[in-house]
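Asks: I am attaching a structure below and will ask some questions about it afterwards.
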Amino acid sequence: MKENGYSRLEMMAIAGARMIRNGEVVLVGTGLPLVSTLLAKHTHAPDSIVVMEAGLYDSNPQSLPFCVADARGVCGTPWVGTAFNLMGQFLQKGMVDTGFLGGAQVDRYGNLNSTCIGDYSRPTKRFEGSGGACDIAVMAGRTIIIMAHEKKRFVEKVDFLTSPGWKVHRYPDGEPVFRDEIGMGGGPYAVVSTLGVMKFDESSREMHVDSFYEGLGVTPEEIVNNTGFEIGVREAKPLASPTEEELRVLRTIVDPEGIFMKY
Amino acid sequence: MASQAKRLSLEEAVGLIKNGDQVWTGGWTVVRRPMGLVYEMIRQGKRNLYICANPGGVEIDLLIGAGCVYLGETNYIGHEVFGHPYCFRRATENQQEPGYIHDDWTVQTGALRIVAGSMGLPFLPTMSLKGSDIALPQNDSLKELRGKDPKLPRQKLISIKDPFWEGGDVFLVPALRPDVCLIHVQEVGEKGTVRILGGAFLDYFAALASKLVIVSAERIVPEETLLERPELNAIPGFTVDVTVELPYGAHPTALYGEYDNDPWWFRDYLAASRERESFQRWLSEWVLGVQGHTGYIEKLGNRRLELIRTSPEFGYNPSIRRRTDKLEDVA
């Protein structure tokens, strides 16, 4: 899987890390979001405050937490709360700048599905469920989405809209409306994938290719061919390859066991 | 609510749980779950349970696989990066094993529902769920049961205009009022004071919200020893009805300062739970076929328990390797 000395998975984690701004409060989910955020914290964003939905605040783990409740996240934490504090207070009160999420399916508006494939009442494939993803997508200042780039994942229409993006399902009739029409703030900022980084048009709110991993041989055409909806490439530019420092920190400090990077 | 918790054996304590009860399981996904209590529920053949963990983990997958559950309200059921919840999947996908109904929530709304229960409130408002299919009436899996099953709220949720401030839309979500709350912790006092280290999650709220609270612990200790650092005590004793001394009662989930996740257990369980037949064999071997909790711990063996022991400095085991595909077998 390694081309040019690093993998697409590593490039994705690094591209995600670069989106974290130093000093912001980041609410992270388990898996790649955690890897990217910790990489950011160990490189350009040491003052970012990492919070996890199970109740951890300003987590500075010495070893990669397995999940958002792992004792590895508790170690070195100045304060431990509960999901009520983190999600019912910090997040709901608008104290979270960035939410960092994964998902099984995403559509052109950044709507995410982590619930099921097929009809909800009788799914053909069932996933673990929202966890806190829906809450984060509704209430964080902005959300960053990170997921593998495949046609079956980047779809015209998500089978179940777990976590709202830009064009959402209105209660109670499910009609599609833009999120500001129903009084929602926030919204998806970017989708980081195994091929590149996608952003959203300011007026149409549709996804377009912002950058691609040229160093790994990715082209805008490859992204188009692996996306299940029409996606603009007019603004696509090459993304800088990983620095030696980014790779060193990722491999030796953040995920040395390869739990998420699968070495 | 008991003025003083009663100390019972594992079998006696679980004997108090009735078929059809609404049961909350404490902890978080693969951390500090009441596994010893759950194994015993399976041994006693509990049926028609209504589970409401927030989030659910391996304990819910097991209960569903063992046929103990008819209804679940959670935001998640899974084993984190260890792998997928195959029993839950078989119970929901393609009608492979019908008999289980699932309704989805989120971490925040589930938290608010148990907090409402702990406050004696019928509901709480939330800003979450807007724009999500989780909120839509058409996706309410329980609508056929509402108004018939007295344990269920009459509606999943409603939307109201904020009557006090800016007038935006907010959802009201109903309280959770479990019959039984199951929690496993490091230490509980003889009178029921609960000490939790390394993240209490929602267990305090669940204990207040539930009618019968059963706490299993690595150690039952004299209350005096818990007076020294009262800020470490997470739940006051008068909410606790029953205590059970149960060393390794959270295994294979992690218990801060005691033992880490058991990656060998997860590897074997995930392989076995992929198919119904191999899951049933696993259940016979590890749950039904052992002599209670003591038999289970003996079967695990000292070597395994030694390998997952945590370091006092970290609260976890810094040398444990967590990639189940690269695990070396324990002799």
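Asks: With each label point set 7 Å from Cα along the Cα-Cβ vector, what nm distance links B:ARG146 and A:LYS93?
Replies: 3.2
Asks: Right, next: What's the FRET efficiency of B:PHE164 with A:SER121 using the Cβ-Cβ distance as r and R₀ = 56 Å, to the nearest 0.05?
Replies: 0.90
Asks: In addition: Relative to the Cα centre, what is the charge dipole magnitude of segment B:187-260, using +1 at the beta carbon of each Lys and Arg, -1 at the beta carbon of each Asp and Glu, and rounding to the nearest 20 debye?
Replies: In total the dipole reaches around 240 debye.
Asks: Let me ask you something else. Which of the listed residues, A:GLY103, A:VAL80, B:GLY83, is farthest toward the dipole's positive end in the protein assembly as shown, when Lys, Arg count +1 and Asp, Glu count -1 at the beta-carbon?
Replies: B:GLY83
Asks: Mind giving me the FRET efficiency for A:ASP180 and A:PHE229? R0 is 22 Å, r the Cβ-Cβ distance, nearest 0.05 is fine.
Replies: Between A:ASP180 and A:PHE229 the formula returns 0.50.
Asks: Here's something else I'd like to know. Taking the Cα centre of the protein assembly as shown as the origin and placing charges on Cβ (Lys, Arg +1; Asp, Glu -1), which of A:THR143, B:LEU16, A:GLY165 is farthest toward the positive end of the dipole?
Replies: In the protein assembly as shown, that residue is B:LEU16.
Asks: Please turn the phi angles of segment B:89-98 into ³J(HN,Hα) values with the Karplus equation 6.51 cos²θ - 1.76 cosθ + 1.60 (θ = phi - 60°), one per residue in order, whole Hz, x for glycine and proline.
Replies: 4, 4, 6, 10, 8, 6, 6, 4, 10, x
Asks: Take the Cα atoms of chain A, build their convex hull, and give its volume per residue in Å³.
Replies: Per-residue hull volume (Cα only) is 127 Å³.
Asks: How large is the dipole of segment A:8-254 about the Cα centre if only Lys and Arg carry +1 and Asp and Glu carry -1, each at its Cβ, rounded to the nearest 20 debye?
Replies: Using Cβ point charges on Lys, Arg, Asp and Glu, segment A:8-254 gives about 360 debye.
Asks: Given a Förster radius of 45 Å and the C-beta distance between A:GLU244 and A:TRP79 as r, what FRET efficiency does 1/(1 + (r/R0)^6) yield to the nearest 0.05?
Replies: Efficiency computed from Cβ-Cβ geometry: 0.80.
Asks: Report the full-extension gain for the segment A:ARG21 to A:GLU222: residue separation times 0.36 nm, less the Cα-Cα distance, to one decimal in nm.
Replies: Extra length available between A:ARG21 and A:GLU222 comes to 69.5 nm.
Asks: So what J values fall out for segment A:96-108 if you push phi through Karplus, 6.51 cos²θ - 1.76 cosθ + 1.60 with θ = phi - 60°, rounded to Hz, Gly and Pro as x?
Replies: 9, 6, 9, x, 10, 10, x, x, 8, 9, 9, 10, 4
Asks: Using a 7 Å offset from the Cα along the Cα-to-Cβ direction at both B:SER284 and A:ASN60, what is the distance between the two label points in nm, to one decimal?
Replies: My value for the distance between the label points is 5.4 nm.
Asks: Using the per-residue mean of other Cβ atoms lying within 10 Å as a proxy for protection, in what order, highest first, do the peptides A:213-219, B:141-147, A:99-105, A:227-233 fall?
Replies: For the peptides A:213-219, B:141-147, A:99-105, A:227-233, the packing ranking is A:99-105, A:213-219, A:227-233, B:141-147.
Asks: Can you sort B:VAL287, B:VAL185 from fewest to most other Cβ atoms within 10 Å of each residue's own Cβ?
Replies: Fewest to most other Cβ atoms nearby, the residues stand as B:VAL287, B:VAL185.
Asks: If you average the alpha carbon positions of segment A:101-150 and of segment B:100-150, how far apart do those two centres end up, in angstrom?
Replies: Value for the Cα centre distance between the two parts: 19 Å.
Asks: Now a separate question. Using +1 on the beta carbon of Lys and Arg, -1 on that of Asp and Glu, and nothing else charged, what's the dipole of segment B:5-93 about the Cα centre, debye to 20?
Replies: It comes to approximately 180 debye.
Asks: Indicate, rounded to the nearest 5 percent, the antiparallel portion of the DSSP beta bridges found entirely in chain A.
Replies: Here the share of antiparallel DSSP bridges comes out near 50 percent.
Asks: Moving to a separate point now. At a threshold of 8 angstrom on Cα-Cα distance, excluding pairs fewer than six apart, so keeping six or more, what relative contact order does chain B reach in percent?
Replies: 21
Asks: Find the relative contact order for segment B:192-331 and round it to a whole percent, using C-alpha pairs within less than 8 Å whose residues are 6+ positions apart.
Replies: Relative contact order of segment B:192-331: 24 percent.
Asks: Report the label-to-label distance for B:GLU12 and B:ARG274 in nanometres (one decimal), using points 7 Å from each Cα along the Cα→Cβ vector.
Replies: 4.4
The numbers here are math on the coordinates, done by the rules we state, and not lab data. This structure is a prediction, so every number in the text was calculated from the model and none was measured. Glycine also receives a Cβ, built like all others from the backbone with ideal geometry; neighbour counts cover every protein chain displayed.
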